[in-house]
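Have a look at the structure below before the remarks.
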Amino acid sequence: MKNVLNKLSIVTILFTVAFAVQTVSAASVTVGGKGFTEQLLLAEITGQYLASKGYDVDLKTGMGTSLLRGALENKQVDLYWEYTGTAFLTFHKNKFQNQSGEEIYNAVKAKDAENGIVWLDASAANNTYALAVRQDDANSKGLKTLEDLAAKINAGEKLKLGCNIEFYKRDDGLKPLQKAYGFEFPRSLVKRMETGLVYKALKDGNVDVGLVFATDGRIPAFGFEVLKDTKNYFPAYAITPTVNKETLDANPDLAGYLNKLSGFFDDTTMSALNAEVDVDKKSVNEVASEFLKKNGLLN
């Protein structure tokens, strides 16, 4: 009887140890995301990657910007990918005065340290406003930068611009952009429309220049070239992992994992990933998995 009890005790101890090890190796983390393609992809890529590292991952996506930020602050989500310009302008109410991307990143990193939020390494993907042209026009007309565009318009070239109504009206939109670069589209050549229609209008040749977001998947899919913003007019919206400090303190290896992921993202990569979902109609799950496998990130 004594031997039986001893054996039972040993089994109980072994089971307890095994359970404890399993619990430690399966730390839970909630990954948040906004409701558009790029954010759904970032959340899914992160979730799959962390799951391969032993984390028990819960995804909470489809949230609006303010709601998601509040969820991070209230510890309803542990981490998500935010844009430096969004935090700088929207959350912290700063005024953009041509600060560099690095200055914007440092400002939001320092401010959010006071709020218990850690900004890890910014990626090279910058989802800011941009003006784009068709690749053929970029080559034939010598349009590579916004300065090139200004020179063409000032020389009398009649180029039509497609942009949304907000950009046309806002204080940091079209008018100050034209002032910064020293040119002006004639009012008759500015076509205002919904953001999504700008891409089609540019593709179909109904406009010559279009307002786009720099990491949109339709840029490579439709053969557009983004004009370089040489005067740093548009604020930086670098895609960056943000993590609740308590979560990071409890799981310090998260920083290394997320910083590693961040190093794989740039404008070209994000545009291509977005295009796979929006243009090629692949699932977010499939695109995320293929990306991770291609880059050797899945165990």
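The values are calculated or read from the model by the stated rules, or taken from the named source; none is laboratory data. Note that the structure is predicted; figures quoted are calculated from it, not measured. So basically every Cβ, Gly included, is an ideal-geometry build from the backbone, and we count neighbours across all protein chains shown.
Remarks
- Within the set LYS231, LYS260, LYS282, LYS200, the sole residue that is of a type in the set (D, E, K, R), closer than 30 Å to PHE183 by Cα and without any contact (Cβ under 8 Å) to a residue 40 or more places away in the chain turns out to be LYS200.
- Only one of the listed residues (THR215, THR230) is surrounded by fewer than 17 Cβ atoms within 10 Å (Cβ to Cβ) and part of a loop (DSSP other than H, G, I, E, B). That residue is THR230.
- Beta carbons closer than 9 Å, at least 6 apart along the sequence or on distinct chains, pair a first residue in region 173-191 that is on the phi < 0 side of the Ramachandran plot with a second that is basic (Lys, Arg) and assigned to a helix (DSSP H, G or I) for LYS175/LYS169; PHE183/LYS152; GLU184/LYS175.
- Residue in region 144-153 that is modelled with pLDDT of 95 or more and either in contact with a His (Cβ under 8 Å, 6 or more places away or on another chain) or in a loop (DSSP other than H, G, I, E, B) (or both) present: yes
- Residues that are surrounded by 15 or more Cβ atoms within 10 Å (Cβ to Cβ), assigned to a helix (DSSP H, G or I), in contact with a strand residue (DSSP E or B) (Cβ under 7 Å, 6 or more places away or on another chain) and not hydrophobic (A, V, I, L, M, F, W, C) do occur in region 81-92, at least one of them.
- Considering PHE264, PHE234, the condition of being of a type in the set (Phe, Trp, Tyr) and modelled with pLDDT under 95 is satisfied by PHE234 alone.
- Residues in region 47-62 that are surrounded by fewer than 16 Cβ atoms within 10 Å (Cβ to Cβ) and at negative phi: SER52, ASP56, ASP58.
- Subset of region 152-173 (residues that are touching a Phe, Trp or Tyr at 6+ places or on another chain (Cβ under 8 Å) and more than 22 Å from LYS200 (Cα to Cα)): ILE153, ASN154, ASP172
- Among the conditions (1) surrounded by fewer than 22 Cβ atoms within 10 Å (Cβ to Cβ); (2) under 15 Å from the mean Cα position of the chain (by Cα); (3) within 22 Å of LEU202 (Cα to Cα), ALA221 misses just one, which is (2).
- Residue match in region 236-247 (condition: touching a strand residue (DSSP E or B) at 6+ places or on another chain (Cβ under 6 Å), crowded, with 17+ Cβ neighbours inside 10 Å, among the hydrophobic types (A, V, I, L, M, F, W, C) and farther than 20 Å from THR30 by Cβ): yes
- Filter result (assigned to a helix (DSSP H, G or I), more than 15 Å from VAL133 (Cα to Cα) and charged (D, E, K, R)) within region 184-204: ARG187
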